[in-house]
Amino acid sequence: MILALACFTAVSVAFGDDLGGAQVPEIPFESVPNFLKLPPDLYLGEASGVAVNSKHHIFVFSRGNTTGPAYAAAAAQILEFGPDGKYIREIGHNLYAWSFAHAIRFDKDDNLWAVDKGSDMVIKFNPEGRVEMVFGRKKEASDEGAEAWKHPRPPLPATNGQFRQPTDVTWDTQGNIFISDGYINSRVAKFDKNGDWVKQWGTPGSGPGELNTPHSIASDAQGNIYVADRGNRRIQVFDPDGTVLRQITIDVPVPPVVHMWMGNPPTAAPPASTVGTAPPNGTMQSGSPWAICITPGPTQYLYSADAYPGRIYKLTLDGKVVGVLGSMGHQLKQFGWVHELACPSENEIYTAEILNWRVQKLLLNGATEAPVKKTKTKH
């Protein structure tokens, strides 16, 4: 595979860069208390995904509804909530693809896409909640020696016709589909709007265009593809054909006090990542992108969340950090491994958290909740 390289630029934004020497500002925000209202007999597990449709309904991909033994359990469930947080329904109850929830997204037509890391499958649901398209195929239970994927070093090359622990999905302006794949493979898979295979790009590594756990993926209004290259502690930006445009690293210093969820802080990475050199334990480094989302226009912003020290960063699309919010912890306005972000507007963000088993609705810069229109119920 030949990777096309454009004029590659690295954008490394440190504390105070491009801000006239001033510190990166803290963004004032609030977390709506008790936002999601679950029925008495329903619980979230690890909240791995969150998405918001055009009606402002919130969908949560939870590692709940767990069935089976502790190992190889089916841990995936999509729950729908209204704009006021009231529970509406479950989508795809006991679906064949459900194994281990990873991410969900809405396309421009309000189709819901679910990415299951355990089954290696990506499912497209129409707005009514029916399955419309299937990508990938899980291992058959009848296969000899069927077991979880191993992580050999050096990594195995990608295999045609098979995902290996995919992570996320996005689309360009033409409706082409881009799937980040993932924990075993280190690539982006491209399909056209009809689901036909187009190409792939990315191989294991830390150089331009190489990937180390592409964990989240998003696109801007021009159709550029942003890949959260988590293990390399950077966001790589590609055009829709896979040409590398630039990389973004977030180098805001760690605050003096971090509320560790468990264990000691990770060993710090070098002050600035060098292109072609992977940071030690990049996944747990400050600024390492676990989840990204891009706001709608007219001015688009990129939000990125890390696991340590547990912050969310607001960036311009060219990679300049313009603000930061939150910290690690168990309380409201603190985060425990934000696994997916949804940002339906610049000042409204939803966080799906692995460690805290919850979704938070965040209102930034004094934003207030929009009034919910009441609909009459026919009897």
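The values are calculated or read from the model by the stated rules, or taken from the named source; none is laboratory data. Nothing here was measured: the structure is a model prediction, and the numbers come from that model. Here Cβ is always computed from backbone atoms with ideal geometry, including for glycine, and neighbour counts include all displayed protein chains. What goes into the accessible areas is simple: the full protein's heavy atoms, side chains included, and nothing from ligands, DNA or RNA. Shrake-Rupley method; radii C 1.70, N 1.55, O 1.52, S 1.80 Å.
For residue 143 and residue 108, the difference between the fully extended length at 0.36 nm per residue and the C-alpha to C-alpha distance is 8.8 nm. In units of the rule-of-thumb radius 2.2 N^0.38 Å, the chain shows an alpha carbon radius of gyration of 0.94.
Got the relative contact order for region 43-186 handy, in percent, Cα pairs under 8 Å and 6 or more residues apart? Don't jump to the answer; show the numbers that get you there.
Details: 317 pairs, mean separation 22.4, N = 144.
It comes to 16 percent, rounded to a whole number.
Hey, quick one: spin label on residue 153, modelled 7 Å out along Cα-Cβ, who in region 214-231 has an amide N within reach, i.e. under 20 Å? What the label zone holds, given the 20 Å backbone N cut-off, is 214-215, 229-231. Anisotropy class assigned to region 135-205 is oblate, per the alpha carbon gyration tensor with a/c at or over the 1.5 cut-off and a/b no larger than b/c. Largest mean-square fluctuation among 243, 283, 299, in a Gaussian network model of the chain whose springs join Cα atoms under 10 Å apart, belongs to 299. Annotation for region 39-89 versus region 250-265: alpha-carbon center distance of 29 Å. Remark: region 99-188 projects, on average over all directions, an area of 6.5 nm² (convex hull of Cα atoms). Put 62, 54 in order of accessible area, highest first, and with a 1.4 Å probe you get 54, 62. Binning the alpha carbon pair distances of region 225-264 at 5 angstrom intervals from zero yields the distribution 6, 19, 18, 16, 16, 9, 7, 7, 2, expressed in whole percent.
Computed from the C-beta positions of residue 43 and residue 94, the FRET efficiency with R₀ = 22 Å rounds to 0.85.
Among 244-257, 64-77, how do they line up from the highest to the lowest mean number of other beta-carbon atoms within 10 Å? Before the final figure, lay out each step's value.
Working: 244-257: 18.4, 64-77: 15.6.
The packing order, highest mean first, is 244-257, 64-77.
Given their separation in residues at 0.36 nm each and the Cα-Cα distance between them, residue 32 and residue 126 gain 30.9 nm when the chain is fully extended.
Under a GNM of the chain (C-alpha, springs under 10 Å), which listed residue has the highest mean-square fluctuation: 360, 331, 165? In the Gaussian network model the winner is 331.
Past the 32 Å Cα-Cα mark, which pairs from 108/314; 138/314; 55/193; 86/199? The partial results should precede the final answer.
Values: 108/314 23 Å; 138/314 36 Å; 55/193 23 Å; 86/199 41 Å.
Pairs exceeding the cut-off: 138/314; 86/199.
A 1.4 Å probe run over the protein chains yields, for region 92-159, 56 Å² of accessible area per residue, whole-number rounding.
Of the listed peptides 340-350, 32-42, 305-315, what is their order by residue-averaged count of other C-beta atoms within 10 Å, with the highest listed first?
Values: 340-350: 22.4, 32-42: 11.4, 305-315: 24.1.
Per-residue mean Cβ counts within 10 Å order the peptides as 305-315, 340-350, 32-42.
So if we plug the beta-carbon distance of residue 299 and residue 173 into 1/(1 + (r/R0)^6) with R0 = 25 Å, what FRET efficiency do we get, rounded to 0.05? It would help to have the intermediate numbers written out before the result.
Numbers: r = 18 Å, r/R0 = 0.71.
Computed FRET efficiency for residue 299 and residue 173 comes out at 0.90.
Over region 57-125, the ratio between the Cα radius of gyration and 2.2 N^0.38 Å evaluates to 1.10. For region 48-205, the Kirkwood estimate of hydrodynamic radius, built from reciprocal distances between every pair of different alpha carbons, is 16.3 Å. Quick one: how many Å² of residue 106 are accessible to a 1.4 Å probe, rounded to 10? Its heavy atoms expose roughly 40 Å² to the probe. Calculated FRET efficiency, residue 162 to residue 23, Cβ-Cβ distance, R0 = 45 Å: about 0.45 to the nearest 0.05.
State the percentage of accessible surface on region 190-240 attributable to carbon and sulfur atoms; use a 1.4 Å probe and exclude ligands, DNA and RNA.
Values: 610 of 1500 Å².
Of all accessible area on region 190-240, carbon and sulfur atoms account for 41 percent.
Summarising the amide proton neighbourhood of residue 107: residues at separation of 5 or more, or on other chains, whose placed amide H is nearer than 5 Å comprise 113. Volume per residue for region 160-287 equals 117 cubic angstrom (convex hull of Cα atoms).
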